[in-house]
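Q: Okay, handing you the structure first.
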Amino acid sequence: MSGSGPVQYVGLDGDGTVADVLRARAERSADATFVSFDGTVVTYAQMVDRAERAAAALAGLGLRPGDRVATMLPNSLELLDVWMGAAVGGFVLVPVNTGLKGEGLRYILEHSEARVVVVDAPLADTLAAAVPDGVGPRVRLTRGAPGPDGRTAAQVLAAGSPNGAVHGGGDPSGLATILYTSGTTGLPKGVMNGHRPYLTAGVEFTRRFLRIGQDDVLYTTLPLFHVNAQMLSVMGSIVSGRPLVLAPRFSASRFFDEVREHRATVFNYIGAMLTMLHKQPVREQDADNPIRLAVGGAAPKELWQDFERRFGLEILEIYGLTETACFCLGSPPDAIKPGKLGKAVSWAEVDVQRDDGSRADDGEAGEIVVRPKQDDTLFRGYLKNEEATAKAIRDGWFLTGDRGRRDDDGYLVFLDRLKDVIRRRGENISSYEVERAANLHDDVAESAAVGVPSELGEEEVMIVVVPRDGATLDPAEIREHCAEQLAAFMVPRYVLVRDALPKTATQRVQKFELRKAGHADAWDAEAVGTRV
């Protein structure tokens, strides 16, 4: 399983900066396509020119090495300009989720001490309301609309001189990015990553797992303000020299038509993307597409093989966090096992531990932990939060907060977030498994399973379901559907239908809100005489 023919890599040693590797690629493949976005094609040489101009422009706005520049941008060439310009100038990129508003947005911009922010025109009012003048970044550039000096962000960034003083490419020991992870409770934490995770992830992803070849074209719909598209898609393109197609956004109905248009061969997914694609109306040409591999996390085991047959591709599962160079586990390409996360990547040790830090036995549930084999590949801690950093590391192991098990074949299996495990009648129930079952119903768009208080002690299982557009859900039918998929003790007692799930700005479900709301408005199987 490969993309045919060897590619010439850059950045294999993991040394240097993102800018160093971009320049090395441009020296080798100057006129080759780096990225296609919304009808515009940018070569590697052009990207270096754009990055050097952006670096000079940002320096002209007062930024010095180590200073932070924030972006509040959707997928766009301007976001790439700022990111690569920051790498050239030694600045630190702080990509902000475009869904943030109010105090959440203000907190990140103040906490990160960003001195410049580049915002999308439709979000300018949101930014101004959350962070008024005199607070937060001193300089604000707007994509798609003129600023106070009459210029758009693109015009300001392009006006920098590529022959200016900014040519160092930054310091390999310096920070590359600060990415804020939005937990389901509390304030978000700023994950500090150096340059090595970007280089390591790009090489590991394309060389070991994609086995990328000269015929491959990478495709992503994932947002560049998240680590996945940054480390795997963008850096995967730069280190391998294969072109990247960057989509403005994900559309389930148009996805495979766009893939065909761009002759893409590999795409990466997260969350429920595969489920959403699988629920699209079946078409005769579904398998007539150039994709050979879909790579990502949380592929539902129940639809895995049917998805592969229908769309004529293979699914390869990986696992990781922003703190772990995006991914630390992956399925060996020649030995993929549906429903399993795979084995440790080359730079890491990954294991399962009990609460006391001892190693769990094969098959025993515990916390997934990660330890780096090489320096500066794991994150450098949480910005200005030594307490959270200390809690995340135990005896050199990073504690992921995820519950899993190690099977006797050495593969790891994800079970749940530790805080989301439901305890019922002495059994530990994975909310993830309950949600997977509910999501297999044709009329369910998404779901969330939580534990709610039981009159018998411990908890009962409640599933909160959101109907797909135009559909109506019958709670009793949903429960019966789950009963066909799950062990009896896992079947939800309560079913609650909602128009939407409460989420953070990074689209993580706020399960604490569902627990707080309780089951008073939910359909109760026992109340209608159904045996639980």
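Read-outs: derived from the displayed coordinates by stated rules, not from any lab. Being a predicted model, the structure only gives us computed values, none of them experimental. Here the Cβ positions follow ideal geometry from the backbone for every residue, glycine too, while neighbour counts run over all protein chains shown.
Q: Once you charge only the Cβ atoms, +1 for Lys and Arg and -1 for Asp and Glu, what is the size of the charge dipole of the chain about its Cα centre, to the nearest 20 debye? Display every interim value, and only then the final one.
A: Details: 60 positive and 74 negative charges, 225 e Å.
Dipole of the chain, to the nearest 20 debye: 1080 debye.
Q: Let me ask you something else. Mind checking which aspartates and glutamates have their C-alpha under 13 Å from Lys279, skipping anything on the same chain fewer than 8 residues away?
A: Straight-distance partners of Lys279: Asp306, Asp442, Asp443, Glu446, Asp469.
Q: Which one of Ser237, Thr377, Ala335 has its Cα pushed farthest toward the positive end of the charge dipole of segment 196-417, where Lys and Arg give +1 and Asp and Glu give -1 at the Cβ?
A: Toward the positive end, the furthest listed residue is Ser237.
Q: Which one, Thr400, Phe414, Cys326, is farthest towards the positive end of the dipole of segment 196-417 when Lys and Arg carry +1 and Asp and Glu -1 on their Cβ?
A: Cys326
Q: Mind listing the Cα extents of the chain along all three principal axes, in Å, largest one first?
A: Principal extents (largest minus smallest coordinate, Cα): 77, 55, 50 Å.
Q: Taking square-rooted eigenvalues a ≥ b ≥ c of the alpha carbon gyration tensor, is segment 280-437 rounded, prolate or oblate, where a/c under 1.5 means rounded and, failing that, a/b exceeding b/c means prolate?
A: Working: a/c = 2.05, a/b = 1.53, b/c = 1.34.
Since a/c reaches 1.5 and a/b is larger than b/c, the shape of segment 280-437 is classed as prolate.
Q: Looking only at segment 85-99, which residues have a backbone nitrogen under 15 Å from a spot 7 Å from the Cα of Ser161 in the C-beta direction?
A: What the label zone holds, given the 15 Å backbone N cut-off, is no residue at all.
Q: Also: Give me the angle, in degrees from 0 to 90, between the Cα long axis of helix 301-311 and the longest principal axis of the Cα atoms of the chain, rounded to the nearest 10.
A: The angle comes out at about 60 degrees.
Q: Here's something else I'd like to know. Roughly how big is segment 377-532's charge dipole about its Cα centre, with Cβ charges of +1 (Lys, Arg) and -1 (Asp, Glu), in debye to the nearest 20?
A: Values: 23 positive and 29 negative charges, 164 e Å.
It works out to roughly 780 debye.
Q: Let's see if you can work this out: charge +1 on each Lys and Arg Cβ, -1 on each Asp and Glu Cβ, no other charges. What is the dipole magnitude of segment 18-194 about its Cα centre, in debye to the nearest 20?
A: Once rounded to the nearest 20, the dipole reads 160 debye.
Q: Now for a different question. Debye sum, Cα scatterers, segment 405-491, no solvent: what log₁₀ I/I(0) at q = 0.14 1/Å?
A: These q points yield log10 I(q)/I(0) values of -0.52.
Q: For segment 71-110, list residues with backbone N below 16 Å from a point placed 7 Å from the Cα of Lys503 toward its Cβ?
A: Within reach of a label on Lys503, which here means backbone N under 16 Å from a point 7 Å along Cα→Cβ, segment 71-110 contributes 74-75, 97-101.
Q: Round to a whole angstrom and tell me the spacing of the C-alpha centers of segment 105-162 and segment 457-525.
A: First find each Cα centre; the distance between them is then 40 Å.
Q: If you don't mind, there's one more thing I want to ask. On a 0 to 90 degree scale, rounded to 10, what angle separates helix 18-28 from the longest Cα axis of the chain?
A: It works out to around 70 degrees.
Q: What distance in nm separates the simple spin-label points at Arg64 and Phe512, each placed 7 Å from Cα in the Cβ direction?
A: 3.9 nm
Q: Sort 395-406, 237-248 by packing, meaning the average of other beta carbons within 10 Å per residue, with the highest value first. Display every interim value, and only then the final one.
A: Details: 395-406: 18.3, 237-248: 24.0.
Descending mean neighbour count gives 237-248, 395-406.
Q: Using mean Cβ contacts within 10 Å as the protection proxy, how do 81-89, 515-523, 353-361, 485-493 order, highest first?
A: Values: 81-89: 27.7, 515-523: 15.4, 353-361: 12.1, 485-493: 17.8.
Those peptides, ordered most packed to least, come out 81-89, 485-493, 515-523, 353-361.
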